[in-house]
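Take a look at the structure below.
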Amino acid sequence: MDHRPGHPLLGPAPLRLADRRRRARHAQRADGGPDRAAAVPLHPDRLRRRAADGRRRPAVRDEPGRPAGRRLRVPGARRVRRPAGRPRPHPGPAARRPGRGRPGRRRGPVRPAPLAAGRRRAARRGLRRQVDRRARARRVHRPRPALGPGRAARRRGPAPWRSMLRRDLWPAAVSMPLAGLLTYVLSWTGWLATDGGYDRHWADGRSGAFSWVPAPLRSLWHYHSEIWHFNTTLTSPHTYQSNPWSWLVQGRPVSMYWEQVQNGQKGCTAPEGCASQILALGTPVLWWAACFALAYALYRWFFRRDWRSGALLAAVAAVYLPWFRYQERTVFSFYMVVLVPFLCLAVAQMLGAMLGPEGSTPSRRRWGAAGAGLIVVAVIGCFAFFYPLYTAEVIPMSDWHTRMWFTSWI
């Protein structure tokens, strides 16, 4: 019986296994085999550690939910093979247990039941860690509030909205309107300091509840009230009026200037005559791409909580949505000229998303760059194509008809 010191739980069996592997490597070295570097003898303590590690790491386990006998490979398990050409020794009658096992089956000092239980426990732990890692990889991580990284930190401090009301809302509500009002009044300095402005002396000689206010400021207030009344009550029809629903797609641009030039005049050489026009038409490809860009920004803000998309949509909503309140008023599409910078920002954000996020593969980058570059080239080419309509250039009538893509543009 082998009484050499081994593993405190598994006994000397791992040492016998390590000895057999070392003898096999020595035999390969003696025969001129490939494993010559392994012929150097190892220290006994190192052999014991290797043998103990081999016993601790399970090779197979039973998968829960499957019939008995089905085996599942455990990631990272080590399979121990017996050296080729070395038969398994007969265990002898002392290693057999009466009434159990097959004749000739090897039985050692290691009890199989605790060993199998340990293997199953380790396999379950390894499989559970794999499932947890995959679940964490598929999980969508949302940004945490700025007060702390966890729920306990949020509970210790005051609520975010309370801090906002106490520290940010009131100072901003007092300072920002006052600063904006003062800046706006200063922009009217030329009108206030001269005498030829429209309704500049309207308040002179007028009395009322606000007579204590200086006359120039009362005249300025009356001027603004007239502007508001005119722009909210104008309902007279116009040839180029349009509805706010069609502004983003440039459904009805406004013709600012039009002249039909006869053959031989102003450099016109076309037999059918020429045309000269200034059309308040945005670059169609840019505006149509901006419609998709706004939809993408809405997706980013609503589902991903992207603050950049939220700020962009807030600016677009502040400029565009109030016009839907005046459906009966005579309005025109050139009111959207102040929306152009925000539409360009939305398109730039969409093109950046097309290029791919950080860490994308080179193939993904190439396809994204090709798509984004195609949109940029299309916008530049479309602008060059409609350039004669922006500068009142004299062009043949056939070329002018070519640029009228829709009948609503005429």
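Observations on the structure shown:
This table checks each residue for (1) among the hydroxyl-bearing types (Ser, Thr, Tyr); (2) out of contact with any Asp or Glu (no Cβ under 8 Å at 6 or more places or on another chain); (3) modelled with pLDDT of 95 or more; (4) buried (at least 16 other Cβ atoms within 10 Å of the Cβ).
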residue	(1), (2), (3), (4)
Tyr326	yes, yes, no, no
Ala348	no, yes, yes, no
Arg365	no, yes, no, no
Ala384	no, yes, yes, no
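- Residues of the range 286-331 classified as of a type in the set (Lys, Arg), closer than 18 Å to Trp245 by Cβ and outside any helix (DSSP H, G or I), total: 1
- Filter pass, Trp212 being aromatic (Phe, Trp, Tyr), free of Cβ contacts under 8 Å to residues at least 60 places away in the same chain and surrounded by 10 or more Cβ atoms within 10 Å (Cβ to Cβ): no
- Test: residue in the range 232-249 that is in a helix (DSSP H, G or I) and modelled with pLDDT under 90: yes
- Scanning the range 272-283 for residues that are under 24 Å from Trp245 (Cβ atoms) and touching a helix residue (DSSP H, G or I) at 6+ places or on another chain (Cβ under 6 Å) yields Leu279, Ala280, Thr283.
- There is at least one residue in the range 259-268 that is assigned by TED's automatic domain parsing to the domain that holds Thr402, among the small types (Gly, Ala, Ser) and either without any contact (Cβ under 8 Å) to a residue 40 or more places away in the chain or out of contact with any helix residue (DSSP H, G or I) (no Cβ under 7 Å at 6 or more places or on another chain) (or both).
- Residue match in the range 373-384 (condition: in the same structural domain as Ser276 (by TED's automatic domain parsing), outside any helix (DSSP H, G or I) and farther than 23 Å from Tyr299 by Cα): no
- Val254 being under 30 Å from Val347 (Cα atoms) and touching a residue at least 40 places away in the same chain (Cβ under 8 Å): yes
- Residues in the range 368-387 that are without any contact (Cβ under 8 Å) to a residue 60 or more places away in the chain and either under 24 Å from Gly267 (Cα atoms) or more than 38 Å from the chain's Cα centre (by Cα) (or both): Ala384, Phe385, Tyr387.
The values are calculated or read from the model by the stated rules, or taken from the named source; none is laboratory data. Just so it is clear, the model here is predicted, and its values are computed rather than measured. Reconstructed Cβ throughout: ideal geometry from the backbone, glycine too, with neighbour counts over all protein chains shown.
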